[in-house]
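Structure first, then comments.
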Amino acid sequence: MKGYFLTDQGQVRTHNEDAGGVYINSNEQLLVVVADGMGGHLAGDVASHMATSLLQSSWDEAPLINGSELAEQWLRERLIEINQKVYQHSLENDSCKGMGTTVVAAICTKDYFTVAHIGDSRCYLNNSYGFKQITEDHSLVNELVRSGQITKEDAEHHPRKNVLLKALGTEEEIRIDIKTLSWDPNDRLLLCSDGLTNKISDEELGEFVTSQDIKQAAENLVQLANDRGGEDNISLALIHYDHPKEEGDS
């Protein structure tokens, strides 16, 4: 299994409020994270880096994740804990009031991957059935699409496109969306912030992800988003699964 993370400030922002990474623990299991912070001056940066660094440190000390139920439990419990810490930090520091961050995170083991998310950072899966988004944006426009009030095409240009319905750290209690899916050889995962998806269509994302080495695909996608304006920070992580299933794998 191979992973690659890339983040870029973009062409307009004065600093990068995104964070993330690909982390391997002592059990040789992989955690991938992308977080897109929001808030006042530098507060989004604080929220996204808090969430990412706390996930990383917890992952470094995590026991062997043996089964999807444990993976889902680990992600849910860690993100609820981290939400409390980010929320408390925002209450105790005036410069961080109202801060929060999206998070999309995946535990990748030999047989399956478990994805948890809150906000509008996304996870896509490319497999033998094609390239598909497997998370649901927690955003106003996505709720309008789901309820049939606007079309997906309308959503792309909606004036309130960036309004989130929930994020990590903005409220005392949160609910995390979590799902587990199985791997097949040569499947790929793309986790990314909306700085990428606001500039590049799903069809284009699929073309890059399926046709190029993951490092080359990541670099080319960031370059394309910047070429198209780069008004937001741009972050993505790509995972390529090349491990054949064997008896006894967990």
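The values are calculated or read from the model by the stated rules, or taken from the named source; none is laboratory data. Just so we're clear, the structure is a prediction, and the values are computed from it rather than from any experiment. FYI the Cβ positions are ideal-geometry reconstructions off the backbone, even for glycines, and counts take in every protein chain you see. The protein model used for the area step is the full one, side chains on, heavy atoms only, and it has no ligands, DNA or RNA in it. Shrake-Rupley method; radii C 1.70, N 1.55, O 1.52, S 1.80 Å.
Things to note:
- Rounded FRET efficiency, nearest 0.05, which uses the C-beta distance separating Gln84 from Asn186 and R0 of 35 Å: 0.35
- In units of the rule-of-thumb radius 2.2 N^0.38 Å, region 10-131 shows an alpha carbon radius of gyration of 1.11.
- For the chain, the dipole from Cβ point charges (+1 on Lys and Arg, -1 on Asp and Glu) about the Cα centre works out to 240 debye, to the nearest 20.
- In region 72-105, trypsin sites (Lys or Arg not before Pro) in a DSSP loop with at most 15 other beta-carbon atoms within 10 Å: Lys97
- Radius of gyration (Cα atoms) of region 62-110, expressed as a multiple of 2.2 N^0.38 Å: 1.46.
- For the chain, fraction of C-alpha pairs farther apart than 32 Å, in %: 17 percent
- Of the solvent-accessible surface of the chain, computed with a 1.4 Å probe and all protein chains present, 45% belongs to carbon and sulfur.
- Karplus-based coupling profile of region 152-168, in residue order and whole Hz: 4, 5, 4, 4, 4, 10, 5, x, 10, 4, 8, 7, 8, 8, 7, 7, 7, with θ = phi - 60° in 6.51 cos²θ - 1.76 cosθ + 1.60 and x standing for Gly or Pro.
- Using the Cβ-Cβ distance between Asp111 and Lys132 with R0 set to 22 Å, the FRET efficiency from 1/(1 + (r/R0)^6) comes to roughly 0.65.
- Each of Val34, Gly119, Ser95 was scored by the projection of its Cα onto the charge dipole of the chain, and the greatest displacement toward the positive side belongs to Ser95; charges sit on the C-beta of Lys, Arg, Asp and Glu.
- For GluC sites (Glu not before Pro), the sites in region 91-178 that DSSP calls loop and that have at most 16 other Cβ atoms within 10 Å are Glu136, Glu171, Glu172, Glu173.
- Scaled to the globular estimate 2.2 N^0.38 Å, the Cα spread of region 100-143, given as radius of gyration, is 1.28.
- Highest to lowest packing among 8-20, 55-67, scored as the average C-beta count within 10 Å: 8-20, 55-67
- For the chain: relative contact order, % (alpha-carbon pairs under 8 angstrom, 6 or more apart): 28 percent
- Each Cα pair of region 91-173 feeds into the Kirkwood radius, which the Stokes-Einstein equation turns, at 37 °C and 0.692 mPa s, into a diffusion coefficient of 221 µm²/s.
- Sum of side-chain charges, Gln212 neighbourhood, beta-carbon under 11 Å (Lys, Arg +1; Asp, Glu -1): -1
- Cα→Cβ-extended label distance, 7 Å offset, between Asp202 and His158, nm: 1.5 nm
- Solvent-accessible surface of protein heavy atoms, probed at 1.4 angstrom with all chains present, puts Val32, Val46 in the order Val46, Val32, largest first.
- Using R0 = 25 Å, the C-beta based FRET efficiency linking Thr210 and Glu171 works out to 0.10.
- When only Cα pairs below 8 angstrom with a gap of at least 6 residues are kept, region 94-183 shows a relative contact order of 36 percent.
- Peptides 196-207, 215-226 ranked from most to least packed give 215-226, 196-207, packing being the mean of other C-beta atoms within 10 angstrom over each peptide's residues.
- The accessible-area ordering, largest first, of the residues Tyr129, Tyr124, Tyr23 stands as Tyr129, Tyr23, Tyr124, per a 1.4 angstrom probe.
- Only one residue of Ser53, Ala43, Asn66 has its Cα farthest out toward the positive end of the dipole of region 1-135, where Lys and Arg carry +1 and Asp and Glu -1 on Cβ, and that residue is Asn66.
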